[in-house]
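Undergrad: Just dropping this structure here.
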Amino acid sequence: MKLRDFQIEDGATIAKVRSALVAHEPRVGKTGITIHAANLLRAKIFVVVCPAGVKDNWRKAIEVFRVGQWIAIIVSYNKANEVLKVLRNSRMRICVLVVDESQYCKERSANRTRVIYGPMCDGLGGLAEFADHVYCLTGTPMPNNPTELWPMLRALAPHLIDNGRGKPMSWSSFRDRYCKQIQTPYGVKIIGGKNYKELKDKLKTFVLRRTRASVFGRDLLPPTTVYVRAEASHKSELAALSNSAAGLLVKQALGSANPLKMLAKAEKQAASLRKLFGIAKVPGILRLVAEELDIEPREKIVLFAYHHAVIDALRIGLKKYGAVAFDGRTSPDRKVAINKKFLSDSTCRVMIGQISAAGVGLDFSAANNVLFAEQDWVGDNNEQARSRIFNMASLDPKFTRFAVLLGSMDEQIAMACARKMSDFKKIFA
């Protein structure tokens, strides 16, 4: 393996600056870009903070692309504070800090955000303070609204959000400038973004953005919908839940100005209904997948789901096709073994992943087909997950489908997801 021309170009670009956001679409090769930058900087210490499930990906990439003898420290978000303590006590500096899947640090009050950017998100007291260069990597830097950019910008590029008086905008000022809001009985709620062009212009010197289509001349095919019917055994339970307090709450959310955001807020109350939607789709999905795999004996497929009950039912139902599952209950070592097995073992034809656990940083490109048994109500999370099957070296078409329960509120939710254009795309497209 060797770096592609665009990776060499982008690595040279970010090596010239103190900080940058590399916002290339998933599977475009952001990892190699930062390693090349470290080579050019003749780094002594290179620290990567990333999701636990992708640490091995970084180890392999560094082995392949590192030039020289610089030291790499790869740590998960939940262990990053230990590295911070060492740096505080020793006052040692690091050359490059990479914040991989930096959307994990979108909440200013979250502990992992403060470990990276400091308690006040001003770059002081966090890992960023001890780094000469900080590079954030993510294909989806603001899954919900523009305020999720504020911690990163406040810490790494405060000059870009100047309030006009020589100081960076506060979080509330940034929110008021770039977010649409409504007043509710429970306070102000963000329902979307605004002033997109202004924010996009401000970020031009900080952001690198490439799409799969621009780099490889191809992309995943646009998602389509496949409809399945509920079994008779589920119909009465679905009807009862749809007319319950939880069902009425979902209906209200679907009729609101921002249905996906309101659905997310109602998640706890509507959890039983959402789970039943997934379970009711399992029999139809099993029949569909089994038929397709029987017709195409060399094909593989990736299924994504949300609930453990749905994942377990799919794995058991597709056992004859060597189905493996990857979710929050899976140990890191087991995750690596599962990923390798799916990529290399012809008898392992079905990969079932939980969106939150398997949706970032992994390679399921042995499959040309991904089917969402359940989808995340944050559309950018679905985009990250479906990108796992993209392979820069493959010319095969890659398909994405969302399974929808016909004649239910699941159908309305799917329509709301399809209508929503990510605020991210309005700023970074």
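Undergrad: Average the reciprocal distances over every distinct pair of alpha-carbons in the range 71-191, invert the result, and give the Kirkwood radius in Å.
TA: Working: mean 1/r = 0.0657 Å⁻¹.
That comes to 15.2 Å for the range 71-191.
Undergrad: Test of understanding: what is the full-extension gain from Ala264 to Arg329, defined as 0.36 nm times their sequence separation minus their Cα-Cα distance?
TA: Between Ala264 and Arg329, full extension yields an extra 21.1 nm.
Undergrad: If you project the alpha carbons of the range 58-122 onto their three principal axes, what span does each projection cover, largest first, in Å?
TA: Each principal axis gives a Cα extent; for the range 58-122 these are 37, 28, 19 Å.
Undergrad: How big is the gap, in Å, between the Cα center of the range 177-229 and the Cα center of the range 391-409?
TA: 20
Undergrad: What distance in nm lies between label points placed 7 Å from Cα along the C-beta direction at Val17 and Val226?
TA: 4.2
Undergrad: Please report, in cubic angstrom per residue, the volume enclosed by the convex hull of the alpha-carbon atoms of the range 1-67. Write down the numbers at each step before the final one.
TA: Working: hull volume 6.6 nm³, N = 67.
Convex hull volume per residue, Cα atoms: 99 Å³.
Undergrad: While we're on this one: Rounded to the nearest 10 degrees, what's the angle between the helix 409-419 long axis and the longest principal axis of the chain, both from Cα atoms, 0 to 90?
TA: 40
Undergrad: Under a 5 Å amide H to amide H cut-off, with H placed in plane at 1.01 Å, what residues pair with Arg401 once short-range neighbours are removed?
TA: Close amide H contacts, sequence-distant or interchain: Thr224, Val370, Leu371, Phe372.
Undergrad: To the nearest 20 debye, what charge dipole does the chain have about its Cα centre, counting +1 at the Cβ of each Lys and Arg and -1 at the Cβ of each Asp and Glu? Let's see the in-between values first.
TA: Working: 66 positive and 40 negative charges, 191 e Å.
The dipole magnitude comes to about 920 debye.
Undergrad: Hull surface divided by four, with the convex hull built on the Cα atoms of the chain: how many nm²? List each step's numbers first, then the result.
TA: Details: hull surface 84.8 nm².
With every direction weighted equally, the projected area is 21.2 nm².
Undergrad: Select from Ala23, Leu405, Val207 the residue farthest towards the positive end of the dipole of the chain; place +1 on Cβ of Lys and Arg, -1 on Cβ of Asp and Glu, and compute about the Cα centre.
TA: The residue sitting farthest along the positive end of the dipole is Val207.
Undergrad: I would also like to ask the following. Looking at the calculated P(r) for the range 361-429, what percent of the C-alpha pair distances fall above 19 Å?
TA: Numbers: 1005 of 2346 pairs.
Every Cα pair in the range 361-429 considered, those over 19 Å come to 43 percent.
Undergrad: Counting C-alpha atoms alone, how compact is the range 1-157: give Rg to one decimal and Dmax as a whole number, in angstrom.
TA: 14.3, 41
Undergrad: Let me ask something additional. Mind checking which of Gly164, Leu153, Leu343 is farthest towards the positive end of the chain's charge dipole, using Cβ charges of +1 (Lys, Arg) and -1 (Asp, Glu) about the Cα centre?
TA: The one lying farthest along the dipole's positive direction is Gly164.
Undergrad: Hey, can you rank 148-157, 168-177 by average C-beta count inside 10 Å, highest first?
TA: On the way: 148-157: 24.2, 168-177: 15.6.
Sorting 148-157, 168-177 by mean packing, highest first, produces 148-157, 168-177.
Undergrad: Among 255-261, 41-47, what's the highest-first ranking by average C-beta atoms within 10 angstrom per residue?
TA: In descending order of packing, they fall as 41-47, 255-261.
Undergrad: Below 8 Å, C-alpha to C-alpha, sequence gap of six or more: please give me the relative contact order for the chain in percent.
TA: Working: 773 pairs, mean separation 69.9, N = 429.
Here the relative contact order equals 16 percent.
Undergrad: Please report the carbon-and-sulfur percent of the accessible area for the chain; probe 1.4 Å, protein heavy atoms only, DNA, RNA and ligands left out. Spell out each step's value before the answer.
TA: Values: 10220 of 19440 Å².
Result for the chain: 53 percent of the exposed heavy-atom area is carbon or sulfur.
Undergrad: Here is a further query. What's the extension gain from Glu198 to Ser272 if we count 0.36 nm per residue and subtract their Cα-Cα distance? Numbers along the way, then the final one.
TA: Working: separation 74, 0.36 × 74 = 26.64 nm, distance 4.18 nm.
Roughly 22.5 nm would be gained on extension.
Undergrad: With an 8 Å cut-off on Cα pairs and a minimum separation of 6 or more residues, tell me the relative contact order of the range 283-398 in percent.
TA: Working: 183 pairs, mean separation 36.2, N = 116.
Dividing the mean separation by the residue count of the range 283-398 yields 31 percent.
Undergrad: Which value, in debye to the nearest 20, describes the size of the charge dipole of the range 281-429 about its Cα centre when Lys and Arg Cβ atoms bear +1, Asp and Glu Cβ atoms bear -1, and nothing else is charged?
TA: On the way: 21 positive and 18 negative charges, 44 e Å.
With Lys and Arg at +1 and Asp and Glu at -1, about 220 debye.
Undergrad: OK, next. Find the accessible area per residue for the chain; the probe is 1.4 Å, ligands and nucleic acids are left out, and the unit is Å². The partial results should precede the final answer.
TA: Details: 19440 Å² over 429 residues.
Result: 45 Å² of accessible area for each residue.
Undergrad: Could you give each residue of the range 220-236 its phi-based ³J(HN,Hα) in whole Hz, using Karplus coefficients 6.51, -1.76, 1.60 with θ = phi - 60°, and x for Gly or Pro?
TA: 4, 5, x, x, 10, 10, 10, 9, 10, 9, 6, 5, 4, 5, 9, 5, 5
Undergrad: So what J values fall out for the range 35-45 if you push phi through Karplus, 6.51 cos²θ - 1.76 cosθ + 1.60 with θ = phi - 60°, rounded to Hz, Gly and Pro as x?
TA: 5, 5, 4, 4, 4, 5, 7, 6, 4, 9, 10
Undergrad: For Ser19, list long-range residues whose amide hydrogen, built 1.01 Å from N in the peptide plane, is under 5 Å from its own amide hydrogen.
TA: Long-range HN contacts for Ser19: Val134.
Undergrad: Measure up Lys275/Lys398; Lys320/Lys341; Lys197/Lys265; Lys167/Lys189 against 18 Å on the Cα-Cα distance and list the ones that go over. Mind dumping the intermediate values first?
TA: Values: Lys275/Lys398 28 Å; Lys320/Lys341 15 Å; Lys197/Lys265 28 Å; Lys167/Lys189 26 Å.
Beyond 18 Å: Lys275/Lys398; Lys197/Lys265; Lys167/Lys189.
Undergrad: While we're here: Under a 5 Å amide H to amide H cut-off, with H placed in plane at 1.01 Å, what residues pair with Gly193 once short-range neighbours are removed?
TA: Lys180
Undergrad: With +1 on the Cβ of every Lys and Arg and -1 on the Cβ of every Asp and Glu, and nothing else charged, how large is the dipole of the range 219-321 about its Cα centre, in debye rounded to the nearest 20? Present the calculation step by step, with values, prior to reporting the outcome.
TA: Working: 15 positive and 10 negative charges, 81 e Å.
Charge dipole, the range 219-321, about its Cα centre: 380 debye, nearest 20.
The values are calculated or read from the model by the stated rules, or taken from the named source; none is laboratory data. From a predicted model like this one, the values you see are computed outputs, not experimental measurements. Ideal geometry is used to build each Cβ from the backbone, glycine not excepted, and the neighbour counts take in all protein chains shown. Ligands, DNA and RNA are excluded from the accessible area calculation, which covers all protein heavy atoms including side chains. Shrake-Rupley method; radii C 1.70, N 1.55, O 1.52, S 1.80 Å.
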